[in-house]
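In what follows, a structure is listed as structure tokens, so that the remarks can point back to it.
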Amino acid sequence: MLSTLHMFLTFSLLSLLRSVFPVILRSTFISVVSSSRLVFVVSGLVSAVYVIMGLTVAL
């Protein structure tokens, strides 16, 4: 019973994320482009990727 409820909650959460995520992504992209801070965001993303890679290597 508990596992079925857990699976249902996970599935509904995933579908909600799948429906909400593109909207958030699009609005974020529009706001970033309108404020023309694209270079700053890209460099932040690259540094975040490097940090994550370093953490996975360290672990």
Pairwise label distance in nanometres, LEU25 with LEU5, each label 7 Å out on the Cα-Cβ vector: 3.3
Span per principal axis, largest first, for the Cα atoms of segment 2-58 (Å): 46, 36, 9
Quick check on the chain: helices-only [θ] at 222 nm, where DSSP H runs of length 4 and up contribute -39,500 (n - 2.57) each and the sum goes over total residues. Nearest 500, please. -33500 deg cm²/dmol
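Laboratory data are not the source of any read-out in this text; all were calculated from the coordinates shown. Keep in mind the model is a prediction, meaning the values are calculated, not measured. Glycine also receives a Cβ, built like all others from the backbone with ideal geometry; neighbour counts cover every protein chain displayed.
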